[in-house]
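Student: One structure, as structure tokens, below. Some questions next.
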């Protein structure tokens, strides 16, 4: 870990570089500069064994039922991972992300990937200064790949859901893909950020959010299961 002390208007500011990410201590909020790959991508989830640490942690489980029994998450699912990656991305791994919702006691559920401490439970949700943020100004789109277990599964992906919290996102309201109907095959999806004002992307702590509702699903199955892989900002 490298650090250097800089002085700005007689106030000492400690600038730390950790795992390729730069952030500042001494200011009110810790805002991090994303670590980009050579192609300019900021990876949120990648199953390669050499991937960088996930910048947003998937501890933000949400539901109108007991989230710990409604939601299932496997970050290393070996079932048919996405393999059609860009040529400049080396050594793909052999896993993807599997998410499932058990609808017995709920009609909606979701997982928020948040940049903050996940302990004590239920983790940090933007209510105080314990979290950290990423400066996503200049990012034009959120890219991810998804497929359904059966096909027809309906999900929605968002970013910036903590804008109403005292120390949440700078995004004024959640950015959303709208409702997506998945197929059984891996499909690329994008959340367009090009029209989002730069000021709203300067402090993001909920960088990837997946939501599903029971009444949007294609049948009355008690379980909705889908898969996500290769999530990044560019």
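The values are calculated or read from the model by the stated rules, or taken from the named source; none is laboratory data. A quick note: this is a predicted structure, and the numbers were derived from the prediction, not measured. When we count neighbours, we look across all protein chains shown, and the Cβ atoms used for this are built from the backbone with ideal geometry, even at glycine.
Student: Does at least one position in the stretch 204-211 carry a residue that is under 14 Å from the mean Cα position of the chain (by Cα), over 26 Å from residue 102 (Cα atoms) and outside any loop (DSSP other than H, G, I, E, B)?
Tutor: Yes, that holds for at least one residue.
Student: Another one. Going by the structure shown, is residue 194 touching a residue at least 24 places away in the same chain (Cβ under 8 Å), part of a loop (DSSP other than H, G, I, E, B) and either in the same structural domain as residue 97 (by TED's automatic domain parsing) or out of contact with any helix residue (DSSP H, G or I) (no Cβ under 8 Å at 6 or more places or on another chain) (or both)?
Tutor: yes
Student: Sticking with this one: Please give the strands (runs of 3 or more DSSP E) falling wholly within the stretch 1-120 in which 3 or more residues are surrounded by 15 or more Cβ atoms within 10 Å (Cβ to Cβ) and modelled with pLDDT under 65.
Tutor: 21-25
Student: Considering the stretch 133-160 alone, what residues qualify as being closer than 20 Å to residue 234 by Cα and assigned to a loop (DSSP other than H, G, I, E, B)?
Tutor: 135, 136, 137, 138, 139, 140, 160
Student: Taking the stretch 170-184 on its own, how many of its residues are outside any strand (DSSP E or B) and exposed (fewer than 13 other Cβ atoms within 10 Å of the Cβ)?
Tutor: So the count comes out to 1.
Student: Report the residue count in the stretch 217-233 for those that are outside any strand (DSSP E or B) and surrounded by 17 or more Cβ atoms within 10 Å (Cβ to Cβ).
Tutor: Residues that pass the stated criteria total 1.
Student: Which one of the conditions (1) under 30 Å from residue 79 (Cα atoms); (2) surrounded by 15 or more Cβ atoms within 10 Å (Cβ to Cβ) does residue 141 fail to meet, given that it meets all the rest?
Tutor: Evaluating residue 141 over (1) under 30 Å from residue 79 (Cα atoms); (2) surrounded by 15 or more Cβ atoms within 10 Å (Cβ to Cβ) leaves (2) as the failure.
Student: Sticking with this one: When residue 145 is evaluated against the numbered criteria (1) under 20 Å from residue 63 (Cα atoms); (2) in contact (Cβ under 8 Å) with a residue 12 or more places away in the chain, which criterion, by number, is the only one it fails?
Tutor: (1)
Student: Go through the stretch 152-169 and report how many residues are touching a residue at least 60 places away in the same chain (Cβ under 8 Å) and surrounded by fewer than 19 Cβ atoms within 10 Å (Cβ to Cβ).
Tutor: Counting residues in the stretch 152-169 that are touching a residue at least 60 places away in the same chain (Cβ under 8 Å) and surrounded by fewer than 19 Cβ atoms within 10 Å (Cβ to Cβ) gives 1.
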